[in-house]
Every structure is written in structure tokens, then in C-alpha cells.
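The next block holds one structure in the form of C-alpha cells; read it before the comments.
The values are calculated or read from the model by the stated rules, or taken from the named source; none is laboratory data. The shown structure was predicted, so the numbers you read here are calculated from the model rather than taken from an experiment. Here the Cβ is made from the backbone with ideal geometry for all residues, glycine too, and neighbour counts use every protein chain on show.
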């Protein structure tokens, strides 16, 4: 069983291919997208994706804009921002818009995997709260 179902989004094809192989070997189920529009399309088609690892600097639609759209359409999906061009401003903006965390490229693989595990756990906890609230609503009593 995989640790988490992850969408890896980056416009650098070699980076995506290398990271996909490395993360798959470590127990993550990786789907790749090479830009913001493709990431949004993939999320619309695959509701099993729990965590998005998202590059900040991409052409057409940057990571911050992509993050905003992900949070609008898929609010429970957790997003880890990943960049080689980190600025305090972009980190703050990403966190304001709902990013789970922000890591610098290149990051330690173990650190990234830990963040993915934490993000997936948070998504599962939020989904469980929603289920419990719905059950309470349906049954009219505490669960």
C-alpha cells in the first residue's frame, strides 16, 4: 500500500522524471503534471490525490496561482510548495493561500516524504471531521 497519492507539478521534465522514480521507490504513488493547467485537470479527473507537490516558478500559470485554484476547487487537498527561488514574500503568500508547507529545492528526500505524510494525515483528519459532522446531522445526535 502506498504512503500517499501525490501529484508532482513542475515544468522541468527531468526533475519530475527523477523525483517520480525516487518517490515511487519510497512508497509514494506519484502522478506527474508539467504545469498549473495540467495539474488542475488531473485533480478534476482523479479525486484520490491527497497531496500536491507544487513548484512555485512555472510559465503560463505560476505555483501561487495554481495553489489558489487548487484550494478553490479541491479545498481538502494539501499542497506543499517547492522552489529553487524561494523568497520570504512568496513563502508568506503561499501560506496565506493555504499551502501546507514550503520547501527549498533541492530538499532532502526524507524531509519531503515526512511533509507528504503529515499533509496526507491532515487531509484524512479533515475528511473524518466532515464525515462525523454529517453523521451527527443525519442521526441528530453526537457521534
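Residue 126 satisfies every condition listed in (1) part of a helix (DSSP H, G or I); (2) touching a strand residue (DSSP E or B) at 6+ places or on another chain (Cβ under 8 Å) except (2).
Whether a residue is under 20 Å from residue 4 (Cβ atoms) and outside any helix (DSSP H, G or I) was assessed, and residue 61 does not pass this test. I want to confirm something. Restricting to segment 1-29 and keeping residues that are in contact with a helix residue (DSSP H, G or I) (Cβ under 8 Å, 6 or more places away or on another chain) and assigned to a helix (DSSP H, G or I), which single residue is surrounded by the fewest Cβ atoms within 10 Å (Cβ to Cβ)? Selected residue: 22.
Residue count for segment 30-39 under the criterion of being under 13 Å from the mean Cα position of the chain (by Cα) and either surrounded by fewer than 21 Cβ atoms within 10 Å (Cβ to Cβ) or not in a helix (DSSP H, G or I) (or both): the result is 4.
The residue that is modelled with the lowest pLDDT, counting only those in segment 64-82 that are in contact with a helix residue (DSSP H, G or I) (Cβ under 7 Å, 6 or more places away or on another chain) and part of a strand (DSSP E or B), is 81. Please state which of the following conditions residue 45 fails to meet, knowing it meets all the rest: (1) over 25 Å from residue 93 (Cβ atoms); (2) exposed (fewer than 15 other Cβ atoms within 10 Å of the Cβ); (3) modelled with pLDDT under 95. Single failed check for residue 45: (3). Scanning segment 89-123 for residues that are in contact (Cβ under 8 Å) with a residue 60 or more places away in the chain and loosely packed, with under 14 Cβ neighbours inside 10 Å returns a single hit, 109. Sub-7 Å Cβ pairs linking a first residue in segment 4-22 that is over 17 Å from residue 119 (Cβ atoms) to a second residue that is surrounded by fewer than 16 Cβ atoms within 10 Å (Cβ to Cβ), at least 6 apart or interchain, are 11/59; 22/109, ordered by first then second residue. Residue 139 meets each of the listed conditions (1) in contact with a strand residue (DSSP E or B) (Cβ under 6 Å, 6 or more places away or on another chain); (2) surrounded by fewer than 19 Cβ atoms within 10 Å (Cβ to Cβ) apart from (1). Can we say residue 114 is modelled with pLDDT of 90 or more, part of a helix (DSSP H, G or I) and over 16 Å from the mean Cα position of the chain (by Cα)? When the stated conditions are applied, residue 114 does not pass them. Selection of segment 48-58 for residues being within 10 Å of the chain's Cα centre (by Cα) and part of a loop (DSSP other than H, G, I, E, B) yields 49, 50.
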